[in-house]
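Remarks on the structure that follows.
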Amino acid sequence: MEHRIVGPGPYRATRLWNETVELFRAKMPLRKHRCRFKSYEHCFTATEAVDWLHELLRRSQNFGPEVTRKQTVQLLKKFLKNHVIEDIKGKWGQEDFEDNRHLYRFPPSSPLKPYPKRPPYQKDVIEFPKWDDPPPGTSQENIPVRPLVMNPEMWYKRHSIAIGEVPACRLVHRRQVTEANVEEIWKSMTLSYLQKILGLDSLEEVLDIKLVNSKFIIHNVYSVSKQGVVILDDKSKELPHWVLSAMKCLANWPNCSDLKQPMYLGFEKDVFKTIADYYGHLKEPLLTFHLFDAFVSVLGLLQKEKMAIEAFQICCLLLPPENRRKLQLLMRMMARICLNKEMPPLCDGFGTRTLMVQTFSHCILCSKDEVDLDDLLAARLVTFLMDNYQEILKVPLALQTSIEERVAHLQRVQFQKSYPEVYQERFPTPESEALLFPEKPKAKPQLLMWALKNPFQPFQRTRSFRM
């Protein structure tokens, strides 16, 4: 059972679906079964399909060992709905698949998912301010001038300009590096870094660049607390106080400083259910619908952990600040609960780590349109986030430094073109420094008073040493 790695790129979820379907149809063992005194060739039971497919998904590097048997059953339900399999009577189209002895078979042909088509995207080219461009609505012909009295001197100036001896004066509008320019630089360079890490020729198939908000990026970089958590300007978008108190309670269990009510048996389970209900009823996943393809594409880099972390860092910078803050607080709580040995079991059927992944994966990542591998992809991503959340939710220092240096360079260029004399005084070139500060002759080193004239000659006794 070999499941090749599906790397980053457009339509990764669809490619994974087709890859899994082809492998399942080609490798699933088929044999003869009896049902109600009748024999059926080339079929399999539901339990056999669950066992084989579960093992395949767990061994696959595209999904990982965190895949549960329940998720495998859900995937087989979607296989039945999409006519990848059918029961021995030829029925399909409903998700009534169960882990039992019911018999299924493959249809003669199983259609693969077509790749969706998107309208071609024209890449935006960021234009930086040009110092000789007039502002909109102005031109050289509309420059206001004062009426001049013609005299011999003025006539001579105009005549010199006309014959080309003196260049004509031109009105130059000096522009500033505006806030909008800085925002465009942040957006352009951030997306450029992401494209480079993913190794794609274009981001148009994994991300709608028009929906990327540069203000979100800048806010997520600079408006943070000492712990690196985003600080919101609009307090109405904060987590409700009761949810935040519940998260602090479980994160610091059993030392709940904010707890004002007496605890009872099973109290921690009710608190966890409160948090799960709030996140489960969010209108949009924390990683947003329009970034779904970008995050799924990054999952193809998990074999290269360092590159995957860098790509996730940049993708998380694109999130709205309120989503990034909720994600940061949620991941910190999940990680602390998993590491807390004093935490009682929150569910009888699952371990703590599996419970965290299964409970919150759908509210972290899902697609607006139904994608058949949503659950598996979300579980894979949340598992990686839990193991590396401290690094992933940091601001990438290399990117921040590069952008800040770019902005500072443009500001120096603007200052140089606006005030060349002042710039030359403040930032002299090597040539101007040589004119202002001519090199002085180097002074010869002084000889030591006690140095001998011929230091290598044998020592001679003088009168001062005589007794």
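The values are calculated or read from the model by the stated rules, or taken from the named source; none is laboratory data. Everything numeric here is computed off the predicted structure, so don't read it as measured data. Note that each Cβ is placed from the backbone with ideal geometry, even for glycine, and that neighbours are counted across all protein chains shown. Calculation scope for accessible area: heavy atoms of the full protein, side chains included, ligands and nucleic acids excluded. Shrake-Rupley method; radii C 1.70, N 1.55, O 1.52, S 1.80 Å.
Taken over region 359-373, the criterion of being surrounded by fewer than 20 Cβ atoms within 10 Å (Cβ to Cβ) and either in a helix (DSSP H, G or I) or free of Cβ contacts under 8 Å to residues at least 60 places away in the same chain (or both) is satisfied by His362, Asp369, Glu370.
Yes or no, residue by residue, for (1) modelled with pLDDT of 90 or more; (2) in contact with a helix residue (DSSP H, G or I) (Cβ under 8 Å, 6 or more places away or on another chain):
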{"residue": "Leu317", "(1), (2)": "yes, yes"}
{"residue": "Pro320", "(1), (2)": "yes, yes"}
{"residue": "Arg325", "(1), (2)": "yes, no"}
{"residue": "Arg332", "(1), (2)": "yes, yes"}
{"residue": "Arg336", "(1), (2)": "yes, yes"}
{"residue": "Leu339", "(1), (2)": "yes, no"}
{"residue": "Cys347", "(1), (2)": "no, yes"}
{"residue": "Thr359", "(1), (2)": "yes, yes"}
{"residue": "His362", "(1), (2)": "yes, yes"}
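Of the helices (runs of 4 or more DSSP H) lying entirely inside region 224-300, those carrying at least 3 residues that are within 22 Å of the chain's Cα centre (by Cα) and either assigned by the TED database to the domain that holds Gly64 or buried (at least 16 other Cβ atoms within 10 Å of the Cβ) (or both) are 292-298. Taken as a whole, the structure places Asn340 among residues that are open to solvent by less than 60 Å² (accessible area, probe 1.4 Å) and farther than 16 Å from Phe295 by Cα. Across region 301-324, the qualifying residues are those that are over 22 Å from Leu239 (Cβ atoms) and assigned to a loop (DSSP other than H, G, I, E, B), and the one among them that is most open to solvent (accessible area, probe 1.4 Å) is Lys304.
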